[in-house]
Amino acid sequence: MNDAERFAEQVRTNQRRLTAELQPYYDFIVCGSGSSGSVVARRLAENPDVNVLLIEDNPADVLLIEMALKENGIACEITQFASGEEALRVLCGPDAAAVSLPDAILLDLNTPRSDGFQVLIKLKQFPRFAEVPIALITSSQASSDKHRSRLQGTRYIQKPSQLEDFLATIGQAVREMLHTVK
């Protein structure tokens, strides 16, 4: 077996393991075999009336965001994409009308194969997202990122490094975003 075949087998093994681990918690899972080995999953939730779309490639941050929502009493369905490219393909592609409109979008500024600002601009070009609150989430402290976010009329959430602050900041921001929708 050559290096490419070993790598492909490792990816398939990891995808099977990840699918088995996530199956009890998600109602569908799609594992890509591209360079990112991405995962798209839709979270089972107690309150299917609220849907938060999360574009985040870091599994640890995904879990922390889920924890933040739960600890802040926000029962919702989370649809997660590992890259902005994947999210745009589903949300803005030819079958986009069949996809439920989220109540809020959390968009990581830096995901594989996509720039968060480019994804934001493309989402805002589609009228169906005009009323959906979008927040950029990032660990970036660059004032230029904050400024660009304000120019787009988008909330900018800097990920706190302390767990308690992270949970409170994300939870409060999403609560405010959902309040503007209702």
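The values are calculated or read from the model by the stated rules, or taken from the named source; none is laboratory data. It should be emphasised that the depicted structure is a prediction, and the values quoted were computed from it without experimental measurement. Please note: Cβ atoms are built from the backbone with ideal geometry, for glycine as well, and neighbour counts cover all protein chains shown. Side chains included, ligands, DNA and RNA excluded: accessible areas come from the protein's heavy atoms. Shrake-Rupley method; radii C 1.70, N 1.55, O 1.52, S 1.80 Å.
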**OP:** Report yes if some residue within the stretch 14-35 is aliphatic (A, V, I, L, M) and either within 25 Å of Ile157 (Cα to Cα) or modelled with pLDDT of 70 or more (or both); otherwise report no.
**Re:** no
Subject >> Checking Gly93 against (1) surrounded by fewer than 16 Cβ atoms within 10 Å (Cβ to Cβ); (2) closer than 18 Å to Ile170 by Cβ, the condition it does not meet >> reply: (2)
Original post:
Quick check, is Phe166 open to solvent by less than 90 Å² (accessible area, probe 1.4 Å), among the aromatic types (Phe, Trp, Tyr) and in contact (Cβ under 8 Å) with a residue 60 or more places away in the chain?
Top reply: yes
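Yes/no matrix, rows are residues, columns are (1) β-branched (Val, Ile, Thr); (2) open to solvent by 90 Å² or more (accessible area, probe 1.4 Å); (3) touching a strand residue (DSSP E or B) at 6+ places or on another chain (Cβ under 9 Å); (4) farther than 20 Å from Ile65 by Cα:
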position: Val99; (1), (2), (3), (4): yes, no, yes, yes
position: Arg128; (1), (2), (3), (4): no, no, no, yes
position: Arg155; (1), (2), (3), (4): no, no, yes, no
position: Ile170; (1), (2), (3), (4): yes, no, yes, no
Original post:
When only residues in the stretch 102-125 that are out of contact with any strand residue (DSSP E or B) (no Cβ under 7 Å at 6 or more places or on another chain) and modelled with pLDDT of 90 or more count, which is least open to solvent (accessible area, probe 1.4 Å)?
Top reply: Phe117
**OP:** Find the residue count for the stretch 143-162, including only residues that are under 20 Å from the mean Cα position of the chain (by Cα) and assigned to a loop (DSSP other than H, G, I, E, B).
**Re:** 6
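Among residues belonging to the stretch 173-182 that are loosely packed, with under 14 Cβ neighbours inside 10 Å and part of a helix (DSSP H, G or I), point out the one that is modelled with the lowest pLDDT. It would help to see each step written out before you state the result.
Just the residues of the stretch 173-182 that are loosely packed, with under 14 Cβ neighbours inside 10 Å, to begin with: 176, 179-182.
This time we only want the ones that are part of a helix (DSSP H, G or I), so: 176, 179-181.
Working: Glu176: 92, His179: 84, Thr180: 72, Val181: 57.
Result: Val181.
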**OP:** Give the number of residues within the stretch 116-133 that are outside any loop (DSSP other than H, G, I, E, B) and farther than 17 Å from Val90 by Cα.
**Re:** 1
Original post:
So which residues in the stretch 130-146 are in contact (Cβ under 8 Å) with a residue 40 or more places away in the chain and either among the small types (Gly, Ala, Ser) or touching a strand residue (DSSP E or B) at 6+ places or on another chain (Cβ under 8 Å) (or both), if there are any at all?
Top reply: Val132, Pro133, Ala135, Ile137
Original post:
What is the number of the single condition among (1) open to solvent by less than 70 Å² (accessible area, probe 1.4 Å); (2) more than 17 Å from Ile74 (Cα to Cα); (3) in a helix (DSSP H, G or I) that Ser140 does not meet?
Top reply: (3)
